[in-house]
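Encoded as structure tokens, the structure appears first; notes follow it.
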Amino acid sequence: MKKYILFLIVVIALFLRFWRIGEAPISLFGDELDVGYQAYSILKTGKDYYGNFMPLHFHSLAEWRTPVYLYSAVPTVAFFGISPLGVRLPAAIFGVLGVIAFYYLVYEITKDRKHAIAASFLMAISPWQIQYSRAGFEVTQMLFFLLLAVYFFLKSFKVHKSLPISSLFFSLIPWVYSTGKFFVPLFVFFIVLNWFDDFRKIRRKYIYFSLLIILFFAIPMILISGGASQRFSYISVFTDPTLESEIGYDRSVDARSGVPPFISRVFHNKVIFWSDMIIRNILTSFSSDFLFVNGDPNLRHSVAGVGQFYKVEFLSLLFGAIAFFGSYKNIKAKRMLVIWIGLSVITSSLTRDGGNHATRLFLMLPPFLILSSWGFLTLLYKNRIFYKFLFLTLFVLLLTNFISYQHNYWLHYIYDSERWWHAGLGEAIKSLKGNEAKYEKIIITTYDEPPWVFFAGWYEYPPEKWQSNFPIENKTVLPGFGEVSFIDKFYFGSPVDLGFYEWPQIIDDKTLYLASAKEVKINLIQEPQRIPRGLHFVDVITFPSGEPAYYLFTGE
């Protein structure tokens, strides 16, 4: 019977992650286009779009990227092109697989199928896991590998040959997402220490083989970690550009108050600044606002007004934590959950905005779901009628929260998040592609986002030509636009010091200009009569809300 329940949970997980995945979220945002075009470039040429052959770290426009998700997107991009389905399908697949892996892990920890079913059900309907499974994020893949790694680690105490499998999955995690490079070594150290009496009984040949696997993957990770280190340096609290100005301001206030300089330095210095940021991040990660009320303020990471967990899970987590840590007899499992949560939060806290960054905190999801499910089952299996009534109340509230979240996601989120997902830009590039034959020169605005990867991805520009020109160093000066970069007849720039009504001076009938609605500053759908003479309106691309997003203009 319980197997049929697991099958039903998997069906629910499949539906919630795959249904209309090409339409919601509304568009591919920049990082997703980057994944899509990198995968497309590998598919066509065996090189990334910088021309590096089968790289182990991908050099993208703004950063270095870990490789596993990009390679897993190659077959889906081969089938579905650079499209929402092509880019997002790996995340959705690993999101569903994560639900299944979570079931087996929880069963391995508790030896109780009821707990495994409850935990996997909560993951299947989790807003945090659904959000990341429906977009081209790497973290669902990272979480799946971690769940399997821990499962096989625990399994290895009885089935010794499971240890190398565990080592393989642990070793793959840093290649999926950079957070794993900090989390995995510490986590492995602590869980080996936690289960050392069991670990030392494993046959030596499996331990040595596992170490070889770790070394095989760890060495190249270290050797090519320069790009990843550059990324961490950029987001780290230790490189915060506001540090000097804030410390300087605080010391100047002390000086005006007559505080001796040596005392001021004691209270206002780098260590105090960094410590304050890290502690603030840790407290924010455990805050009700992040966990249960509003979630991540980035609307690509969270739905407005929905926390990373459902509001009712505040109570199930509370009851679960009390029951799990108060009466559960498996001390090692208790320690593991504490280590898991602690390292997840500490790793993220070392980065700016790490306190409520749902991507960097994604690994804290499983232990919290274990505690939440523990809370529900504790109430269900208490003998007193009061506890059963309380369970029923919480379960009804959980379903209510879930239905409310689905309503929000499908009816409101599409409009709330349209700009976060760069809605309209794909349609604009496709409209440009459909009209390009009529023009000798096509100019793409740089007013909003850097347009290069959006153009290359949505246009599906031939990767071999892109590699030979990227980064685009061909420069020229266009009247009214200043110095711009170009490839073929495509130019990237925006009018310099010229208002919308002066554009007819610089856009002729052989030029097509893709403009952002922000730089036009007029809603030309409502006021088409305000288009200046000499400028022809080719197309308008709107947001889902109906507001103009982009315009295509040519001269007359």
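Computed from the coordinates by the stated procedures, all read-outs in this text should not be read as laboratory data. This one's a predicted model, so the numbers in the text were calculated from it and none came from an experiment. No Cβ is skipped: glycine too gets one built from the backbone with ideal geometry, and neighbour counts run over all protein chains shown.
Relative protection proxy for 385-398, 447-460, 87-100, 4-17, from highest mean packing down: 87-100, 447-460, 4-17, 385-398 (other beta-carbon atoms within 10 angstrom).
For the chain, pairs of C-alpha atoms spaced more than 37 angstrom apart make up 41 percent of the total. Find how many whole Å separate the alpha carbon centroid of the stretch 446-497 from the alpha carbon centroid of the stretch 175-219. A separation of 46 Å, based on Cα centres.
Calculate the length of the line joining the C-alpha centroid of the stretch 504-556 to that of the stretch 1-54, in whole Å. About 34 Å separates the Cα centre of the stretch 504-556 from the one of the stretch 1-54. The alpha-carbon of LYS433 sits under 28 angstrom from the alpha-carbons of these lysines, leaving out residues fewer than 8 places away in its chain: LYS44, LYS47, LYS441, LYS465, LYS475, LYS489, LYS510, LYS518, LYS521. Listed peptides 188-200, 103-115 appear in the order 103-115, 188-200 once ranked by packing, highest mean of other Cβ atoms within 10 Å at the front.
The gain in end-to-end length when the SER545 to ALA78 segment is fully stretched comes to 164.9 nm, 0.36 nm per residue minus the alpha carbon separation. Note on ASP497 and THR242: the model spin-label points, each 7 Å out from Cα along the C-beta direction, lie 3.4 nm apart. If you count Lys pairs in the stretch 133-292 whose Cα atoms are under 18 Å apart, skipping same-chain pairs closer than 8 places in sequence, the total is 6. Name the shape class, rounded, prolate or oblate, that the alpha-carbon gyration tensor gives for the stretch 236-366, where a ≥ b ≥ c are the square roots of its eigenvalues, rounded holds for a/c under 1.5, and otherwise prolate holds if a/b is larger than b/c and oblate otherwise. Prolate, because a/c is 1.5 or more and a/b exceeds b/c. Each of GLY555, GLN467, ASN523 was scored by the projection of its Cα onto the charge dipole of the stretch 425-555, and the greatest displacement toward the positive side belongs to GLY555; charges sit on the C-beta of Lys, Arg, Asp and Glu.
Note on the stretch 46-195: with charges restricted to the Cβ of Lys and Arg (+1) and Asp and Glu (-1), its dipole about the Cα centre is near 340 debye.
For ASN330 and LYS201, the FRET efficiency from 1/(1 + (r/R0)^6), where r spans their Cβ atoms and R0 equals 25 Å, is about 0.90.
Placing a label point 7 Å from the Cα of PHE402 along the Cα-to-Cβ line, the residues of the stretch 5-31 whose backbone N sits under 14 Å from it are 5-17. Subtracting the Cα-Cα distance from 0.36 nm times the residue separation, let me have the gained length for PHE537 to VAL338 in nm, one decimal. Length gained, PHE537 through VAL338: 65.6 nm. Normalised by 2.2 N^0.38 Å, where N counts its residues, the alpha-carbon radius of gyration of the stretch 468-556 equals 1.15.
Summed over qualifying helices (DSSP H, 4 residues or more, each -39500 (n - 2.57)) and divided by its residue number, the chain shows a 222 nm mean residue ellipticity of -18000 deg cm²/dmol.
Of the peptides 407-419, 306-318, the order by per-residue mean of other Cβ atoms within 10 Å, starting with the highest, comes out as 306-318, 407-419. Sparse packing (at most 13 other Cβ atoms within 10 Å of the Cβ) combined with a DSSP loop state is found for none of the trypsin sites (Lys or Arg not before Pro) in the stretch 423-463. Using 0.36 nm per residue and subtracting the Cα-Cα separation, the extra length available between TYR387 and TRP420 on full extension is 7.6 nm. Projecting the Cα atoms of GLY499, TYR208, LEU535 onto the dipole axis of the chain, where Lys and Arg carry +1 and Asp and Glu carry -1 at the beta carbon, places TYR208 farthest toward the positive end.
Couplings 3J(HN,Hα) of the stretch 509-519, computed from phi: 6, 9, 10, 10, 10, 8, 10, 7, 4, 5, 7 Hz, in residue order, whole Hz [Karplus 6.51 cos²θ - 1.76 cosθ + 1.60, θ = phi - 60°; x for Gly and Pro].
Across the options ALA456, THR393, THR140, the greatest Cα extent toward the positive end of the charge dipole of the chain (unit charges at beta carbon of Lys, Arg, Asp, Glu) belongs to THR393.
Identify the trypsin sites (Lys or Arg not before Pro) of the stretch 153-192 meeting these criteria: DSSP loop state and at most 11 other C-beta atoms within 10 Å of the C-beta. Sparse-neighbourhood loop trypsin sites (Lys or Arg not before Pro): LYS158.
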